[in-house]
Structure formats: C-alpha cells, structure tokens
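This report refers to the structure that appears directly beneath it.
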Amino acid sequence: MFYITTPIYYVNARPHLGTTYTTVIADVIARYYRLMGEDTFFLTGTDEHGINIQRIAESKQITPQQHCDEISSIFQETWRKLGIQYDDFIRTSEDRHIKIVQKVFESLLNKGVLYKGFYKGWYCPHCESYYNFEELEEANCPVHQNKVDYLEEETYFFSWSKYQEKLLEYYANHPGFVVPENRYREIISFVERGLKDISVSRTSVSWGIPVVSSPEHTVYVWLDALLNYLSAVGFNSDGALFSFWWPPGVQVMAKDILRQHAALWPAVLMALDLPLPGHIMVHEYFLVTGSRMSKTRGNVFDPLVLIDELSKLSGVDPQISTDALRYFLIKDGPERNDSDFSFESFINRFKVDLANDWGNLINRTFGLMLRVGLNKVPDPDELYDSEFKTEIQKYIKLYHQCFFQLSPKEALNQICAILRFLNTYIDIHRPWSAEEKKRDNCLYHILEGIRIVSILMLPFMPFSSELILRSLNYCTDKLDLRTETSLFKIKPHTPIFLNLPPLFPRLK
Ligand code: MSP
C-alpha cells in the first residue's frame with residue numbers, strides 16, 4: 001500500500017504553475033504505483049485558515065468561508081482538468097478535519113508537550129511563520145519582503161526543543177528520509193543549530209480552529225494544516241482505514257516548507273507516538289526571469305491558460321495539450337534545480353520532443369502501414385531482434401530505478417532514450433524501401449516499441465498514451481506495468497486503427 005500527499009495549498013489565490021508542478025509530480029508517482037499494482041491513496045487539498053485568509057475575506061467583504069469555498073473549488077476544477085487523479089481532497093474548514101485537530105490538540109496538552117506562555121515577536125502573514133529579529137531583512141519578511149506583524153500575546157507553545165536529539169537520531173538512522181541529499185543535510189544542520197519551542201495557538205486570529213479547553217485560542221495554522229495528513233485517512237475516527245494507509249510513503253513539496261515538514265511535523269508525530277513518513281521529497285522553484293514564481297510577487301502563470309494557448313497554436317484537443325504541459329513540467333521542471341519558466345520553452349518542448357520524436361515516430365509508422373495497405377500487426381517471421389530487446393529492457397529497468405529513487409524526471413529521460421533508439425532503428429532499417437519481409441519485421445519491432453513507450457508514458461501523459469494504446473487494440477483497463485512491459489507481447493495479426501488524428505502535430 002502506498003500513501004502520497006502534496007502540501008495543501010493556501011487559498012490566497014488560484015493554482016499556478018508552481019503548485020501545479022508539485023501536484024503533477026505527485027500524480028505521476030501515484031499513477032506509477034497504481035500501474036505497479038499497489039493500493040494507492042493520493043491526497044491533496046486546501047489550507048484555509050489563518051490571518052492572511054481572514055484579511056483577504058475582509059477586504060472582499062465576504063465571509064472567510066465564502067472566500068475559501070470559491071477558491072477551493074477552483075483548485076478542484078483545475079486539478080480535474082489537468083488529469084490529477086487524487087483519491088481525496090481535504091479542506092481544513094471541513095468538520096472531519098476540525099474535530100481531529102481539536103482532539104490532537106487536547107491529547108498533546110494531556111501528554112504535557114504543550115504549555116501556556118507568552119509570545120513576543122514578528123510574524124509574516126504570507127508564510128504564516130514566526131521570525132526572530134535577526135532573520136528579518138530590513139525589518140521585512142526574508143521570503144516575501146513584505147511588512148511583518150509584531151505580536152505580543154498569550155499562546156500555547158509546543159516543546160519542539162525536547163525533540164532535537166530524537167530527530168537527529170532519526171535522520172542518522174534514515175538517510176532517505178529527506179530526498180534529495182542536499183535537503184537532507186540542510187535539515188540536519190537546521191536542527192543541529194538548536195530548536196526553540198514554537199507557538200502553536202493565537203488569540204488574535206478568529207478564522208481558525210478553536211482550542212476546546214481554551215476557546216479564546218485558535219490553533220496555529222501550520223499545526224492545523226500538517227494534521228490534514230492524519231485527518232484525511234481516519235486518524236482517531238476510523239482505525240481500520242488509518243492503520244491500512246499510515247504512514248505516507250512519500251510527501252512531495254518545494255524547499256520553502258522543508259522545516260515544517262522535516263523537523264516540526266516529525267516531532268509532532270513523535271509526540272503522538274505515530275510512525276513517520278517514508279520520504280519527504282523536496283523539489284526546487286519555478287522562476288520567472290530569475291525570481292521565484294509566486295502569488296505574492298504576482299508573476300504567476302495559469303496552467304489552464306497555457307493549455308488553451310497551446311491548443312490554439314496547434315489545433316490539438318485540450319486533453320492533448322494537457323498531456324503536453326504535464327510532459328513539459330516533468331521534463332523541464334525544477335526537480336533538483338531551480339528552473340526558469342518561459343512560454344517559449346514550453347512550446348519548444350512540444351516541437352522537439354513531442355512533435356519531432358514521439359508524434360513523428362507514430363506518423364511515420366502508421367503512414368507507411370496505410371500506404372502499403374497493412375492494417376494489422378505484421379508477422380516478424382520468428383526473427384525477433386535480441387539486441388532490440390536488450391536495449392529496451394535496459395531502459396525499462398532504469399525507468400523503475402528512477403521511480404524508486406523518486407526522480408520522475410530521470411524516469412522520463414529513460415523513455416526519451418527509448419524513443420531516440422526507435423527513431424534510429426527505423427532510420428537504419430529503412431522499412432519504406434526494404435523488401436516486404438524485412439519491412440514487416442522492422443514494422444513489428446517499431447510497433448512493439450510504440451506499445452512499450454505508450455505504457456511507460458501512462459503516468460506522465462495519460463490521455464495520449466491511452467489513445468495510442470487503444471489504436472494498437474490494447475486494453476488499458478487494469479493494465480499492470482510489471483507484466484505488460486515484457487518484450488514482444490504485441491501479437492502479430494492484431495488489427496490496428498491507423499486513422500489516429502495527428503497527436504502532436506508540427507507547429508508552424
Ligand atoms: N499551506 C502551506 C502548506 C501546508 S502543508 C501542510 C503552503 N501553501 S502554498 O500554497 O504556499 O504552497 C506552497 C507549495 O506550493 C510549495 O511547497 C510547492 O510545493 C508549491 N509551489 C509554490 N510556488 C512554487 C514555485 N515557484 N515553484 C515550485 N513549487 C512551488 O505553503
């Protein structure tokens with residue numbers, strides 16, 4: 001069983017390419033695990049409480065709940081259009097979540113890891129985080145560069161410092177806990193510098209979850225938010241469900257929220273005596289001309305607009321443009337390094353990889369079959385090419401390894417290597433001028449290659465891969481990646497539907 005999560009996104013604005021990137025990565029990994037026969041649970045959602053949302057709603061003269069309903073439904077609609085197959089979408093304003101947060105808060109109080117105190121210091125409403133004076137940049141938030149609030153209020157503190165040694169021991173014993181390694185080292189050195197107890201309730205924020213035993217306090221939005229990963233899978237409400245899914249195998253996010261997920265969250269889980277997630281998978285940022293793409297900076301790209309623009313330029317169905325965007329995000333997105341986004345780079349990927357390499361391979365093959373009147377998989381005449389098999393098997397093995405190392409980008413690169421191999425294969429064997437037996441043998445191998453590539457592409461480009469597989473008369477229901485990628489499974493004499501619309505046409 002495999003449980004995977006994205007961060008739950010703030011409802012201070014609509015989804016953009018940065019939040020889309022994280023969600024697509026998690027979707028690709030979830031789809032991969034499903035195809036590998038694992039029971040998979042993919043969770044995403046929206047983080048709806050806190051002072052920032054309270055202020056936005058005030059400025060719009062609507063209630064915070066109305067504002068959250070509006071933006072949360074835009075997130076759900078956008079993910080649906082992008083082919084994100086989540087199993088649950090959790091909202092922190094839902095009753096099922098509120099109840100669990102309240103229970104957990106009381107149980108942390110009973111365990112003696114929360115205590116009442118007085119907080120004095122700075123707070124950034126955009127990151128919903130506390131800062132020391134030394135951390136501020138010219139008295140502004142170091143992340144958002146905006147004015148910070150000065151707070152002086154009674155609060156509950158979480159005894160984070162008590163977990164410092166336990167956390168360091170855990171990191172030492174679980175070197176894959178944070179991926180990649182540079183972020184693993186970063187969190188170790190953060191914890192080694194010393195953890196200070198952290199304020200986990202507010203008395204001046206009304207848009208939050210009230211503490212049952214002290215209703216003048218609402219739960220700090222980060223503690224509230226982190227607990228979504230528990231409340232969505234039945235913690236304290238459905239024991240069987242919870243023990244089936246817990247703990248998450250992978251939690252995906254960008255580097256901005258590493259500390260909350262790799263140091264605060266595990267300490268809370270330790271306090272609750274719960275097992276920790278398998279991997280905190282951290283990626284870098286999408287930039288726009290050198291600065292981070294973010295709602296607060298206002299330099300964001302809307303994924304649905306990009307899809308629409310590509311469809312206008314190419315004439316392809318929006319689902320195909322969606323696949324193209326998903327492909328681009330994994331191929332050029334900031335998996336291990338920041339990555340500058342431009343519309344040109346997106347279009348260029350479509351032209352080079354999808355139109356030239358992938359689309360053209362299918363067009364050339366189907367085109368030739370149409371010309372010579374073949375509408376079935378030709379017979380290889382028992383001459384199965386063992387080099388072809390070895391080469392493709394090598395990349396399939398690497399593809400799986402890359403997924404296990406949590407690098408969808410590298411897994412995709414293995415598919416690209418197969419595509420290069422297939423295009424060279426067709427150039428070398430020149431089926432258009434070969435005599436019939438040789439031509440049919442080559443076409444058999446290329447069709448098998450197209451089948452394998454489409455299967456491996458399913459997690460990345462689900463719509464187009466299914467279309468191609470269907471044209472090969474191949475059923476994708478309950479498809480199992482473990483068995484269906486063994487070579488030479490395509491059967492001679494299977495009818496093929498050659499009249500596929502050009503999937504990835506050349507752009508003018
Ligand atoms: N609500 C918190 C998360 C709570 S999880 C218990 C939050 N929300 S957020 O809306 O600000 O989302 C932050 C996340 O969005 C990042 O960690 C990352 O996953 C994604 N990204 C936002 N901007 C991004 C880029 N410019 N580039 C890549 N990912 C980006 O933090």
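Screening the candidates Y130, Y123 for the property of being in a strand (DSSP E or B), assigned by TED's automatic domain parsing to the domain that holds I209 and open to solvent by less than 30 Å² (accessible area, probe 1.4 Å) yields one hit, Y123. Of all positions in segment 214-237, at least one carries a residue that is among the acidic types (D, E) and within 16 Å of the ligand (Cβ to nearest atom). Out of curiosity, is T424 open to solvent by 50 Å² or more (accessible area, probe 1.4 Å) and part of a helix (DSSP H, G or I)? It is true that T424 is open to solvent by 50 Å² or more (accessible area, probe 1.4 Å) and part of a helix (DSSP H, G or I). A single member of G83, G18, G37, G45 is within 23 Å of L412 (Cβ to Cβ), in contact with a strand residue (DSSP E or B) (Cβ under 6 Å, 6 or more places away or on another chain) and not polar (S, T, N, Q), and it is G18. Scanning segment 308-319 for residues that are of a type outside the set (K, R) and either in contact with a strand residue (DSSP E or B) (Cβ under 8 Å, 6 or more places away or on another chain) or open to solvent by 10 Å² or more (accessible area, probe 1.4 Å) (or both) yields D308, E309, S311, L313, S314, G315, V316, D317, P318, Q319.
You will find that of E48, E70, the residue that is surrounded by 13 or more Cβ atoms within 10 Å (Cβ to Cβ), touching a Cys at 6+ places or on another chain (Cβ under 6 Å) and more than 30 Å from S465 (Cβ to Cβ) is E48 and no other.
Going residue by residue through segment 77-89, is there one that turns out to be assigned by TED's automatic domain parsing to the domain that holds D238, over 22 Å from L329 (Cβ atoms), at pLDDT 95 or above and within 15 Å of the ligand (Cβ to nearest atom)? Yes, some residue in segment 77-89 is assigned by TED's automatic domain parsing to the domain that holds D238, over 22 Å from L329 (Cβ atoms), at pLDDT 95 or above and within 15 Å of the ligand (Cβ to nearest atom).
For S161, the stated conditions do not hold, so it cannot be described as open to solvent by less than 70 Å² (accessible area, probe 1.4 Å), assigned to a helix (DSSP H, G or I) and either in contact with a Pro (Cβ under 7 Å, 6 or more places away or on another chain) or within 27 Å of S407 (Cβ to Cβ) (or both). Please work out which residue is nearest to T63 (Cα to Cα), limiting yourself to segment 6-44 and to residues that are away from the ligand (no atom under 11 Å from the Cβ), open to solvent by less than 10 Å² (accessible area, probe 1.4 Å) and of a type outside the set (D, E, K, R). Looking at the filtered set, the residue picked out is F42.
Contact map, segment 12-30: residues that are in contact (Cβ under 8 Å) with a residue 12 or more places away in the chain and closer than 22 Å to P248 by Cα paired with residues that are more than 7 Å from the ligand (Cβ to nearest atom) and small (G, A, S), Cβ distance under 6 Å, separation 6+ or inter-chain. Pairs shown: Y21/G333. Listed by position, the helices (runs of 4 or more DSSP H) contained in segment 430-504 that have at least 3 residues being over 24 Å from Y395 (Cα atoms) and open to solvent by 50 Å² or more (accessible area, probe 1.4 Å) are 436-457.
Each residue in segment 227-244 was checked for being surrounded by fewer than 22 Cβ atoms within 10 Å (Cβ to Cβ), touching a Phe, Trp or Tyr at 6+ places or on another chain (Cβ under 9 Å) and touching a residue at least 40 places away in the same chain (Cβ under 8 Å), and 3 pass.
Note on segment 366-404: among residues that are in contact (Cβ under 8 Å) with a residue 40 or more places away in the chain and within 21 Å of the chain's Cα centre (by Cα), the one that is nearest to G278 (Cα to Cα) is F403. Going by the conditions given, is R371 of a type in the set (D, E, K, R) and surrounded by fewer than 22 Cβ atoms within 10 Å (Cβ to Cβ)? Yes, satisfied.
Residues in segment 249-303 that are among the aromatic types (F, W, Y) and either within 7 Å of the ligand (Cβ to nearest atom) or buried (at least 21 other Cβ atoms within 10 Å of the Cβ) (or both): W265, Y285, F286.
Looking at Y156, is it open to solvent by less than 30 Å² (accessible area, probe 1.4 Å) and touching a strand residue (DSSP E or B) at 6+ places or on another chain (Cβ under 7 Å)? Yes: the conditions hold for Y156.
The values are calculated or read from the model by the stated rules, or taken from the named source; none is laboratory data. Worth saying up front: this structure is predicted, and the values here are computed from it rather than measured. Positions of Cβ are backbone-derived with ideal geometry, glycine not excepted, and every protein chain shown enters the neighbour counts. Ligands, DNA and RNA are stripped out before the accessible areas are found, and what is left, the full protein with its side chains, is counted by its heavy atoms. Shrake-Rupley method; radii C 1.70, N 1.55, O 1.52, S 1.80 Å.
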